[in-house]
Amino acid sequence: MSRNENRLGLPESPTQDETLAPVAAPQEGAGPAFSWSVPTEFVELPSRGIFYHEGHPLHNTTSTEIKYMTAKEEDILTSRSLLKEGVALDRMLQNLLVDKSIDISSLLIGDKNALLVAARRTGYGPEYETTVTCPSCENSDSFSFDISEPPVKDIQENCKEAGATILEDGTVRILLPMTKAVVTCRFMTSADEVKITKEMERKSKKKMEASTTDIFRTYITSVNGDNSPFTIESFIQAMPARDSRHLRKVYTSTVPDIDLNQSFECDNCGYQTEMEVPLGVDFFWPG
């Protein structure tokens with residue numbers, strides 16, 4: 001939803017006058033002295049703001065405003081130093097946020113995904129063409145994703161279907177089938193995602209396998225009402241495989257996010273499946 005549509009009831013796409021409106025006319029004999037306002041857009045937050053603590057800028061906020069991408073953001077995305085550190089996307093999004101009190105690292109992953117897609121759409125349009133590999137025949141071919149209006153997952157309905165309960169503090173309560181333990185979980189933030197990625201890279205360098213327990217440690221906040229680190233760690237280590245699978249499935253299905261799955265049919269073998277739009281730095285460079 002664009003800012004102008006929200007405030008004035010005008011069409012979503014900004015007019016030329018809105019995009020290229022000089023603030024003041026140049027004086028006679030002076031050189032060009034134009035200043036243009038960058039259009040903005042309000043982005044719906046999948047979390048609806050209900051999972052942020054009181055005091056967070058997005059607490060109980062259903063949307064936030066971002067600027068359209070410009071050449072400045074392209075410079076950020078191509079910065080070798082930022083790409084090497086793995087922070088180019090975060091730095092770009094931080095630059096686009098109108099409300100500078102919002103820290104990108106504190107965003108829930110689903111809300112961040114919504115901002116990434118909106119930024120890509122304002123920068124390069126609603127079609128994202130990239131190369132994908134067929135899961136069946138492994139043939140690689142170009143495929144065009146439509147990112148014009150990715151649907152937002154229904155948090156309440158998903159929790160109801162999964163048998164999970166949203167608590168007042170923004171955590172989710174899940175009953176496990178084997179142990180009958182009641183586990184509460186919080187939804188991960190961008191900072192959590194970065195931390196997990198770095199841990200996976202560290203283990204990869206040492207030829208160690210990434211661990212599901214690392215992710216459990218990140219989002220489990222209590223077991224049967226006990227939030228002590230010792231209790232949580234002991235439970236994670238002893239959790240039956242059936243409970244582990246159930247917890248992962250329910251957590252994934254209830255995470256507030258946009259639905260990035262789209263229908264895919266292989267031109268080579270005719271295989272059909274749902275394929276998720278890949279998000280990364282390459283996402284911001286049109287095919």
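The values are calculated or read from the model by the stated rules, or taken from the named source; none is laboratory data. Because the structure is predicted, anything quoted here is derived from the model rather than measured. Virtual Cβ from ideal backbone geometry, glycine too; neighbours counted across all protein chains shown.
Does LYS112 count as surrounded by fewer than 16 Cβ atoms within 10 Å (Cβ to Cβ) and either at negative phi or not charged (D, E, K, R) (or both)?
no
For the range 151-188, what are the residues that are over 22 Å from GLY49 (Cβ atoms), free of Cβ contacts under 8 Å to residues at least 24 places away in the same chain and either touching a Leu at 6+ places or on another chain (Cβ under 6 Å) or hydrophobic (A, V, I, L, M, F, W, C) (or both)?
Answer for the range 151-188, where residues must be over 22 Å from GLY49 (Cβ atoms), free of Cβ contacts under 8 Å to residues at least 24 places away in the same chain and either touching a Leu at 6+ places or on another chain (Cβ under 6 Å) or hydrophobic (A, V, I, L, M, F, W, C) (or both): just LEU175.
Could you look through the range 237-260, keep only residues that are farther than 12 Å from PHE216 by Cβ, touching a helix residue (DSSP H, G or I) at 6+ places or on another chain (Cβ under 9 Å) and hydrophobic (A, V, I, L, M, F, W, C), and pick out the one that is surrounded by the most Cβ atoms within 10 Å (Cβ to Cβ)?
Ranking the candidates gives ILE258 first.
If I ask for residues that are in contact (Cβ under 8 Å) with a residue 24 or more places away in the chain and β-branched (Val, Ile, Thr), which ones from the range 216-243 would you list?
Residues satisfying the conditions are THR218, ILE220, THR221, VAL223.
State the number of residues belonging to the range 248-266 that are outside any helix (DSSP H, G or I), of a type in the set (D, E, K, R) and over 15 Å from SER148 (Cβ atoms).
Total meeting the criteria: 2.
Is it the case that SER148 is surrounded by fewer than 13 Cβ atoms within 10 Å (Cβ to Cβ), in the same structural domain as GLU274 (by TED's automatic domain parsing) and touching a residue at least 24 places away in the same chain (Cβ under 8 Å)?
When the stated conditions are applied, SER148 passes them.
Being among the charged types (D, E, K, R) and either in a strand (DSSP E or B) or under 22 Å from ILE104 (Cβ atoms) (or both) is the filter here, so list the residues in the range 158-196 that pass it.
ARG173, ARG186, ASP192, GLU193, LYS195
Report yes if some residue within the range 180-197 is closer than 22 Å to GLN262 by Cβ and crowded, with 16+ Cβ neighbours inside 10 Å; otherwise report no.
Within the range 180-197, not a single residue is closer than 22 Å to GLN262 by Cβ and crowded, with 16+ Cβ neighbours inside 10 Å.
Test LEU279 against the stated conditions and say whether it is assigned to a loop (DSSP other than H, G, I, E, B), within 20 Å of GLY110 (Cβ to Cβ) and among the aliphatic types (A, V, I, L, M).
On the way: assigned to a loop (DSSP other than H, G, I, E, B): yes; within 20 Å of GLY110 (Cβ to Cβ): yes; among the aliphatic types (A, V, I, L, M): yes.
Yes: the conditions hold for LEU279.
Considering (1) out of contact with any strand residue (DSSP E or B) (no Cβ under 9 Å at 6 or more places or on another chain); (2) surrounded by fewer than 16 Cβ atoms within 10 Å (Cβ to Cβ); (3) among the β-branched types (Val, Ile, Thr); (4) without any contact (Cβ under 8 Å) to a residue 24 or more places away in the chain, say which one THR61 fails and leave the rest.
(2)
Which of the numbered conditions does LEU83 fail, given that it passes all the others? Conditions: (1) closer than 16 Å to THR197 by Cα; (2) crowded, with 16+ Cβ neighbours inside 10 Å.
The single condition LEU83 does not satisfy is (2).
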